[in-house]
1. Only residues that are surrounded by fewer than 17 Cβ atoms within 10 Å (Cβ to Cβ) and in contact with a helix residue (DSSP H, G or I) (Cβ under 9 Å, 6 or more places away or on another chain): list them for the range 11-20, please.
2. Consider residue 122 carefully, then state whether it is under 21 Å from residue 30 (Cα atoms) and modelled with pLDDT of 95 or more.
3. Residue 211 - would you say it is part of a loop (DSSP other than H, G, I, E, B), modelled with pLDDT under 70 and surrounded by 15 or more Cβ atoms within 10 Å (Cβ to Cβ)?
4. Scanning for something part of a loop (DSSP other than H, G, I, E, B), surrounded by fewer than 18 Cβ atoms within 10 Å (Cβ to Cβ) and touching a residue at least 40 places away in the same chain (Cβ under 8 Å), does the range 24-36 turn up at least one residue?
5. Step by step: first the residues of the range 54-78, then only those that are out of contact with any helix residue (DSSP H, G or I) (no Cβ under 8 Å at 6 or more places or on another chain) and either crowded, with 23+ Cβ neighbours inside 10 Å or assigned to a loop (DSSP other than H, G, I, E, B) (or both), then the one that is modelled with the lowest pLDDT. Which residue is that?
6. Just give me the residues in the range 37-51 being assigned to a loop (DSSP other than H, G, I, E, B) and either crowded, with 16+ Cβ neighbours inside 10 Å or under 14 Å from the mean Cα position of the chain (by Cα) (or both), in sequence order.
7. Is it the case that the range 170-177 has a residue that's closer than 17 Å to residue 50 by Cα, in contact with a strand residue (DSSP E or B) (Cβ under 9 Å, 6 or more places away or on another chain) and buried (at least 19 other Cβ atoms within 10 Å of the Cβ)?
8. Quick one: in the range 110-142, which of the residues that are in contact with a helix residue (DSSP H, G or I) (Cβ under 8 Å, 6 or more places away or on another chain) and in a helix (DSSP H, G or I) is farthest from residue 166 (Cα to Cα)?
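The values are calculated or read from the model by the stated rules, or taken from the named source; none is laboratory data. Bear in mind the structure is a predicted one, so any value in this text is a computation, not a measurement. FYI the Cβ positions are ideal-geometry reconstructions off the backbone, even for glycines, and counts take in every protein chain you see.
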């Protein structure tokens with residue numbers, strides 16, 4: 001699988017079809033976008049979680065732009081929803097087991113009702129952990145026990161970034177699964193409590209703008225991180241030329 005180096009990150013630069021579920025090894029899949037890139041500059045643990053990913057997907061047009069401007073590499077945005085669909089398709093074909101951890105019980109119930117209809121060959125498991133910034137030792141033990149008792153091939157983690165990536169970094173060696181994939185907001189897309197942008201908007205590379213209109217939290221996020229990220233892009237380009 002091809003990857004390109006951006007700062008300390010190995011960004012995935014291949015097609016989704018190259019990602020498989022291998023029963024002989026464990027693969028950690030995370031995503032990076034302009035906002036997470038900026039946040040990780042001041043959060044060393046989050047940065048390490050991204051760096052230590054086996055597959056780090058370019059989930060944002062900002063990362064695609066950075067690759068083009070600074071590496072002269074043309075890569076394709078791969079969103080969390082894209083990798084989720086890809087892994088589900090494999091799991092459906094091979095009759096595998098998928099486990100979802102994160103979000104509210106109400107959201108998980110909606111997901112279960114939908115996924116069991118659309119993917120009848122997959123065995124699904126779900127667990128809603130406490131909604132809090134960090135988990136106690138007992139809570140964490142229960143979460144890992146729920147996963148391992150189910151014996152999934154794929155674990156999808158939806159606790160929002162950077163909490164989910166740091167949780168996976170801390171617990172990946174205790175989790176018995178072939179793929180551990182952090183996909184955040186995708187849980188809400190599956191449950192349809194939130195809508196992903198229409199395909200034509202995604203095609204115009206404006207999914208970030210569509211999402212910014214769906215929640216003030218996201219609007220503030222983009223207003224904060226986008227200018228800082230663009231400065232980072234052109235700062236890297238300037239220094240690469242001067243060297």
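1. Residues satisfying the conditions are 16, 17, 20.
2. Working: under 21 Å from residue 30 (Cα atoms): no; modelled with pLDDT of 95 or more: yes.
No; evaluated as a whole, the condition is false for this residue.
3. Values: part of a loop (DSSP other than H, G, I, E, B): no; modelled with pLDDT under 70: yes; surrounded by 15 or more Cβ atoms within 10 Å (Cβ to Cβ): yes.
Judged against the criteria, residue 211 is not a match.
4. Initial filter on the range 24-36 (part of a loop (DSSP other than H, G, I, E, B)): 24-26, 33.
Remaining after also requiring surrounded by fewer than 18 Cβ atoms within 10 Å (Cβ to Cβ): 24-26.
Cutting the leftovers down to touching a residue at least 40 places away in the same chain (Cβ under 8 Å) gives us 25-26.
Yes, some residue in the range 24-36 is part of a loop (DSSP other than H, G, I, E, B), surrounded by fewer than 18 Cβ atoms within 10 Å (Cβ to Cβ) and touching a residue at least 40 places away in the same chain (Cβ under 8 Å).
5. At the first step, the residues of the range 54-78 found to be out of contact with any helix residue (DSSP H, G or I) (no Cβ under 8 Å at 6 or more places or on another chain) are 54-55, 64, 67-68, 71-72.
So of that shortlist, the ones also either crowded, with 23+ Cβ neighbours inside 10 Å or assigned to a loop (DSSP other than H, G, I, E, B) (or both) come out as 54, 72.
Numbers: 54: 97, 72: 88.
Residue satisfying both the conditions and the ranking: 72.
6. Narrowing the range 37-51 to residues assigned to a loop (DSSP other than H, G, I, E, B): 42-43.
Scanning the range 37-51 gives a single hit, 43.
7. Checked the range 170-177: no residue is closer than 17 Å to residue 50 by Cα, in contact with a strand residue (DSSP E or B) (Cβ under 9 Å, 6 or more places away or on another chain) and buried (at least 19 other Cβ atoms within 10 Å of the Cβ).
8. 114
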